[in-house]
1. Go through the range 206-221 residue by residue and tally those that are surrounded by fewer than 17 Cβ atoms within 10 Å (Cβ to Cβ) and part of a helix (DSSP H, G or I).
2. For the range 215-229, which residues satisfy the criterion of being out of contact with any His (no Cβ under 7 Å at 6 or more places or on another chain) and within 13 Å of Leu195 (Cβ to Cβ)?
3. Of the residues that sit in the range 126-150 and are touching a helix residue (DSSP H, G or I) at 6+ places or on another chain (Cβ under 6 Å) and assigned to a loop (DSSP other than H, G, I, E, B), which one is nearest to Leu185 (Cα to Cα)?
4. For Gly67, indicate whether it is out of contact with any strand residue (DSSP E or B) (no Cβ under 8 Å at 6 or more places or on another chain), of a type in the set (Gly, Ala, Ser), at pLDDT 95 or above and not in a loop (DSSP other than H, G, I, E, B).
5. List every residue pair whose Cβ atoms sit under 8 Å apart, with the two residues 6 or more apart in sequence or on different chains, where the first one lies in the range 108-131 and is within 16 Å of Ile157 (Cα to Cα) and the second, anywhere, is at pLDDT below 95 and charged (D, E, K, R).
6. Looking at this structure, is Phe245 aromatic (Phe, Trp, Tyr) and within 22 Å of Asp152 (Cβ to Cβ)?
7. Hey, among the residues in the range 225-254 that are at pLDDT 95 or above and closer than 22 Å to Glu54 by Cα, which one's surrounded by the most Cβ atoms within 10 Å (Cβ to Cβ)?
8. Take the residues in the range 145-164 that are surrounded by fewer than 20 Cβ atoms within 10 Å (Cβ to Cβ), touching a residue at least 12 places away in the same chain (Cβ under 8 Å) and not charged (D, E, K, R); name whichever of them is nearest to Trp73 (Cα to Cα).
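The values are calculated or read from the model by the stated rules, or taken from the named source; none is laboratory data. Source: prediction; values computed, not measured. Here the Cβ is made from the backbone with ideal geometry for all residues, glycine too, and neighbour counts use every protein chain on show.
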Amino acid sequence: MKVVVSSIFRKFGALHFFDTLRFYFIFIKTIKSRKAFKQSYPNIKLPPDYLLYESYKLNYEKYYFEGKETAQWLVNTISKHTELSDKNILDWGCGPARIVRHLPEILDGKCHIYGTDYNSQTIDWCRTNIQNVSFHNNGIEASLGFDTNFFDVVYGISIFTHLSEEKHYEWFKELIRVTKPGGILFLSTHGKSFLRLLNIGEQNAFNDGSIVVKGNTLEGHRTYAAFHPQAFFRKLIGDNQVVEFIEGNNYEQDVWIIKKK
């Protein structure tokens with residue numbers, strides 16, 4: 001039923017408006033739990049509520065503690081493929097620092113950490129509130145203000161999931177540009193685990209190896225969704241090496257770990 005309702009709103013270009021109404025509903029519903037978190041953890045800096053909701057969920061505990069767990073998992077996973085010492089690391093699409101805020105501590109200050117996002121308000125908050133990370137603002141267009149071959153590691157968690165097919169090719173090319181030869185890209189996508197969110201026609205296209213994009217809303221926003229069969233993403237990766245692939249299940253995203261050729 002949820003898929004049908006969202007499809008109707010998307011068809012008429014009203015999904016972003018509907019999602020904003022959903023934010024206010026959740027905002028009211030979670031008043032007590034959010035207040036309790038602030039009382040228990042008064043020293044934890046939290047982003048403005050809509051910025052948090054837009055990029056993740058309006059759940060302070062999950063934002064902070066699951067963010068820290070994800071950051072540790074990210075480090076453990078990438079460490080299997082490269083030593084994380086004296087490296088330049090980029091969080092592409094960092095949002096309100098759910099993951100990247102924890103990396104300086106987890107890595108014990110051994111690496112240089114950067115975050116970039118298309119939302120200027122998010123980046124302004126991050127610059128003011130998160131230490132030991134260099135934050136930068138980029139547009140939706142595939143352009144990062146970094147030198148070629150600058151980063152040893154680039155990760156983007158649930159970023160390609162909100163881009164058009166055209167932007168997939170443009171952004172992957174840009175990510176490859178800023179990554180050093182032999183460097184690591186860690187990217188997550190909507191794989192087979194998300195087939196239930198697609199109608200029959202979209203499922204057929206997905207199973208035939210075509211990317212499926214649910215647009216008609218603001219590209220880059222959480223309401224803009226792309227779904228990635230393995231065949232499409234392997235084509236996108238091209239001659240670069242897939243060193244590890246982790247298939248998601250039960251609405252978990254697929255993870256691609258790629259070494260630049």
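1. Going through the range 206-221 one residue at a time, the tally reaches 1.
2. Pro229
3. Phe150
4. yes
5. That search, which allows pairs on different chains as well, returns Asn119/Glu54.
6. Yes: the conditions hold for Phe245.
7. Step by step, filter the range 225-254, then rank; the result is His228.
8. Step by step, filter the range 145-164, then rank; the result is Ser158.
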